[in-house]
Structures are given as structure tokens and as C-alpha cells.
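The values are calculated or read from the model by the stated rules, or taken from the named source; none is laboratory data. Predicted, not measured: the structure shown is a model, and the values here were computed from it. In this analysis, Cβ positions are derived from the backbone assuming ideal geometry, glycine residues included, and neighbour counts consider all displayed protein chains.
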Amino acid sequence: METIYDLVIIGSGPAGLGAAIYAQRAELKTLVIEKEMVSGGQVLTTYEVDNYAGLPGINGFELGMKFKEHADKLGTEFAVDTVLSVKTAEPAGELMKAAELSAGIREVVCEGHTYKARTVLIASGARHRKLDVPGEERLTGMGVSYCATCDGAFFRKKTAAVVGGGDVAIEDAIFLARLCEKVYLIHRRDELRGARSLQKKLMELENVELVWDTVVEAINGDDKVSSIDLLNKKTGEKRTLSVDGVFIAVGISPNTGAYEGLVEMDAGGYIVAGEDGKTSAAGIFAAGDVRTKALRQIVTAVADGANCITSVEEYLNAQ
């Protein structure tokens, strides 16, 4: 007979692996579907993690491997596949499948296989929007960062550039100004888009310099960032700015395209769910960067995974 899992977890980042560990301890028959051959999600590209409790200064790849090893030790089952959709209802004509689905069996449709489960946890993460300029990908984790609160401490008393003009970019610049000797905020327009209250705080900081109407054309450096090439869009002037780090804050996009119409999402594509992970669809849960939340960090992703398993157990026990 085809396996019907108690839980299928989509994604093997900190949220998915945290959930897997708790699910195995709860003796739920669980499958983790991961898109890549290596588990860990975005944490794998973080050069050093200095804010995960008990493991200061750990390499991001090593932390991801520790999560995976813990899940493996408990006997978690993994499958490498790409999720296309999750079905909770079947078209007319396939009566047996329709009966299964009406009885609470979901289908996770992937490129290679279709998996059946009583509950589904979406932990597919989010991706940072990139500048797509030379040097960005090569120097990611070596001075290029997408999270000031994660990596800012490594640039204490150094010079950093923040790219962006929204709330996150302004907050990053304010945060870095407490640590860095000098912070440049580079924005492609002549006014910021962030909240006025944040702008006021920013303008009061003496070590922050705003660079208007300017885009980054390249990020330079051998084994770490040393400078950035800038272009003023109004004047056409080009210059090179010496910096130790570049924090890119031009937005993030949740990996939720496969779940449109399945669960309620906000305007940004994030799945509407609280700390319990419950979505608008019964038996479907969300954890980590895909859900609506104020703080997206490794520690909050792992906590989301743990909270979701409590919700999954409550749901299954009520069936």
C-alpha cells in the first residue's frame, strides 16, 4: 500500500528541520521534502552565525549540518524533489482519491512523485532579492550580506554600505551605525520610501551618509569585499567607494508560488499564520520565513517548527 504520512514537511531549512526533530520525538510518521541535495536552507550561505544561542561564531554550513545530523539521528525520512502543488480536493471522476481527500488526506504533488499525508507543513523559506551585479554572488558571506542583525557585529568599527530605501534598509543603517565607524546608505531615488519616524532617526546620525540617485554596478574584492562601483543615474558620474561590507536590503520574496489558492496570503505573498502555524486551510501549517511575522531569524524559524508540531498533534488527535 502507498505510504500515508502523518506529516509532510516542505523545506529543510531551520524551520523544516526543527519541525522534523520535534515530529520524530512525537513519533509522527514524517517525510521532509527538500529541493536541494544539501539540507539547511539559507543558513548554508552564511559565513558565520554569531547569534544562535549556545553556538557563538559557528559557521553557517556547520550549523545547517548539525540540524540535519540531529534529524537523521532520530530517523527522519527525506526526499529530494520539487513541490508543484498541494491538493486538498480532487476533480470529479477519481472517486477513491476524492474519498481520501475528503477524509483528510492531502496530496503533495512533486516533479518526481506525489506524496500523501494527513497534515502538511510549508517551510519553504524565502529568497532575498538581489542586485544581480558582478561580485555579488561570489562575495556573499564574505562581506556581502542580506541581514544586518545577523552579520552586523562582524563589521564593528569598519565601513559598511546599505543598499535600499525602504524600512528595512533604514533600520539596517541605523543598526549598523551603532557598530560601524561609517555607514553609507545608497538609494536609487532622491527620497527614501521608509517610515518618516525612521527617516528622522537616520538623519540624526552623524556617521551615516546618504548617497542619492545612485545604483551599485559591481562589488569588488578577492576573498572579501573591498569596494563597490557606483553610478549616479542623474549625472552619469561613476566612482568607486571603499567599504568592508555591503548589506543589500531591496526586499525578500517568500517561496510560496506553489501554494496560491491553497491558503490565505498577504499582499507580499507571505502565508497568513501566527506562532501556532495554523493557516486558513485545516491541516495545512506554515513555519519560518514563509509566514507573516516580525522577525525572520534562525532561532525564530526553529521555534516556528517546534510550535507547529504541537498544532499538528492537536489537529491529528481531534480527527
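General remarks:
- Filtering the stretch 199-221 for residues that are part of a loop (DSSP other than H, G, I, E, B) and within 24 Å of Gly57 (Cβ to Cβ) leaves a non-empty set.
- Taken across the stretch 227-238, residues that are out of contact with any helix residue (DSSP H, G or I) (no Cβ under 8 Å at 6 or more places or on another chain), touching a residue at least 60 places away in the same chain (Cβ under 8 Å) and in a loop (DSSP other than H, G, I, E, B) do not occur at all.
- Any hit, the stretch 74-92, residues being part of a helix (DSSP H, G or I), touching a Leu at 6+ places or on another chain (Cβ under 8 Å), modelled with pLDDT of 80 or more and surrounded by 11 or more Cβ atoms within 10 Å (Cβ to Cβ): no
- Check on Leu121, within 22 Å of the chain's Cα centre (by Cα), crowded, with 16+ Cβ neighbours inside 10 Å and assigned to a strand (DSSP E or B): yes
- Residues of the stretch 1-42 satisfying the condition of being touching a Ser or Thr at 6+ places or on another chain (Cβ under 7 Å) and either among the aliphatic types (A, V, I, L, M) or closer than 20 Å to Gly283 by Cβ (or both): Tyr5, Asp6, Leu7, Ile9, Ile10, Gly11, Leu17, Ala20, Ala23, Gln24, Thr30, Val32
- Evaluated against (1) at pLDDT below 90; (2) closer than 24 Å to Thr292 by Cα, Gly64 falls short on exactly one condition, (1).
- Residues of the stretch 1-32 that are outside any helix (DSSP H, G or I), of a type in the set (A, V, I, L, M, F, W, C) and farther than 16 Å from Gly64 by Cα: Met1, Ile4, Leu7, Val8, Ile9, Ile10, Ala26, Leu28, Leu31.
- Taken over the stretch 246-283, residues that are among the hydrophobic types (A, V, I, L, M, F, W, C) and either free of Cβ contacts under 8 Å to residues at least 12 places away in the same chain or in contact with a helix residue (DSSP H, G or I) (Cβ under 7 Å, 6 or more places away or on another chain) (or both) amount to 5.
- A single entry from Glu260, Glu237, Glu275, Glu314 fulfils the requirement of being acidic (Asp, Glu) and under 26 Å from Ala177 (Cβ atoms): Glu237.
- The residues listed here are Gly277, Gly288, Gly261; of these, the one that is assigned by TED's automatic domain parsing to the domain that holds Gly16, modelled with pLDDT under 95 and on the phi > 0 side of the Ramachandran plot is Gly261.
- Residue in the stretch 281-294 that is under 13 Å from the mean Cα position of the chain (by Cα) and of a type in the set (Phe, Trp, Tyr) present: no
- Checklist (1) crowded, with 20+ Cβ neighbours inside 10 Å; (2) free of Cβ contacts under 8 Å to residues at least 60 places away in the same chain applied to Tyr146, failing item: (2)
- For the stretch 53-70, the set of residues classified as closer than 20 Å to Gly141 by Cα and of a type in the set (Lys, Arg) consists of Lys66 only.
- Tally of residues being touching a strand residue (DSSP E or B) at 6+ places or on another chain (Cβ under 7 Å) and of a type in the set (Asp, Glu) across the stretch 25-42: 1
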